[in-house]
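Read the structure below first, then the notes.
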Amino acid sequence: MKLIPIPAFDDNYIWMLHDGRRALVVDPGDADPVLAALQQGGLTLEAILVTHHHGDHTGGVDILRQRTGAQVFGPERERMPEPLQRLRDGAVIQPLGLRFEVLLVPGHTAGHIAYVGQIPQEDPVLFCGDTLFSAGCGRLFEGTPAQMLDSLTRLAALPDATRVCCAHEYTLSSLRFARTVEPDNTALQAYQARAQAQRQKHLPTLPSSIGLEKAVNPFLRTHLPGVAHAVQQMAPSAHDPVSVFAALRTWKDQF
Ligand code: ZN
Ligand code: FE
């Protein structure tokens with residue numbers, strides 16, 4: 001299977017998975033680049049997977065459904081372009097004959113879901129929308145810090161080799177913040193050099209992996225004394241895991 005990030009808008013990626021004939025896309029905020037990729041590859045769009053209701057993830061859904069007849073999947077509890085099949089936590093779908101499990105990961109929005117796909121003879125894929133970014137995480141527009149920490153903890157428990165397909169190219173700016181939180185993290189330094197080299201060539205830094213994110217992403221590392229200590233320089237009263245996470249998110253919002 002081919003896994004391709006289709007760039008859209010300024011910094012979105014619409015992920016496409018295809019076998020040379022049949023394709024699925026995730027979070028098509030814009031139909032045009034998807035239609036171009038389908039035409040270029042001679043592909044039939046079979047499924048559209050949506051993670052949450054924001055317009056930069058849903059704007060192309062109606063046109064793509066009308067033009068291709070693709071089946072649309074999305075969260076159970078969010079306002080969505082209808083018709084679609086709504087999915088709750090633990091649901092399993094089989095687009096392209098592959099097995100995808102749905103995880104409810106509230107925080108960025110109240111009903112945000114992620115998709116974990118199993119591909120024979122390949123590493124699993126995670127389509128996590130705006131929940132987990134490489135070296136960062138989504139802003140808390142609708143959920144609480146406790147919900148987001150819980151959601152990220154679920155994603156961090158996936159196998160290390162899982163390919164992390166985030167919906168935005170935010171890696172370099174997230175890394176600048178991560179380096180401020182953990183200046184002595186050597187994995188972070190090495191990753192920043194690799195990511196800068198990719199971006200200089202106008203290539204995506206993604207997909208990342210769960211193993212890499214556990215080594216570099218401060219939002220998956222709030223249980224570590226070094227991260228908690230750095231947060232406490234900014235928010236001295238933050239001690240329990242949820243307050244450390246909340247203060248880290250607030251710090252990033254103001255960074
Ligand atoms: Zn969003
Ligand atoms: Fe987004």
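The values are calculated or read from the model by the stated rules, or taken from the named source; none is laboratory data. Note that the coordinates shown come from a computational prediction; the quantities given were computed from them, not determined experimentally. Cβ atoms come from the backbone with ideal geometry, glycine included; neighbour counts cover every protein chain shown. Areas reflect the complete protein model, heavy atoms only, side chains present, ligands, DNA and RNA absent. Shrake-Rupley method; radii C 1.70, N 1.55, O 1.52, S 1.80 Å.
Structure data summary
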quantity: Condition met for PHE245 (buried (at least 18 other Cβ atoms within 10 Å of the Cβ), more than 17 Å from the chain's Cα centre (by Cα) and within 29 Å of TRP15 (Cα to Cα)); calculated: yes
quantity: Any hit, region 16-28, residues being in contact with a Cys (Cβ under 8 Å, 6 or more places away or on another chain) and at pLDDT 95 or above; calculated: yes
quantity: Some residue of region 44-54 being open to solvent by 10 Å² or more (accessible area, probe 1.4 Å), under 29 Å from ALA157 (Cβ atoms), in contact with a Lys or Arg (Cβ under 8 Å, 6 or more places away or on another chain) and in contact (Cβ under 8 Å) with a residue 24 or more places away in the chain; calculated: yes
quantity: Residue within region 177-198 that is away from ligand 2 (no atom under 16 Å from the Cβ), open to solvent by 50 Å² or more (accessible area, probe 1.4 Å) and touching a Lys or Arg at 6+ places or on another chain (Cβ under 6 Å) present; calculated: no
quantity: Whichever residue in region 55-91 is aliphatic (A, V, I, L, M) and within 16 Å of ligand 2 (Cβ to nearest atom) and, among such residues, is most open to solvent (accessible area, probe 1.4 Å); calculated: MET80
quantity: Residue in region 165-172 that is within 16 Å of ligand 2 (Cβ to nearest atom), buried (at least 20 other Cβ atoms within 10 Å of the Cβ), acidic (Asp, Glu) and part of a loop (DSSP other than H, G, I, E, B) present; calculated: yes
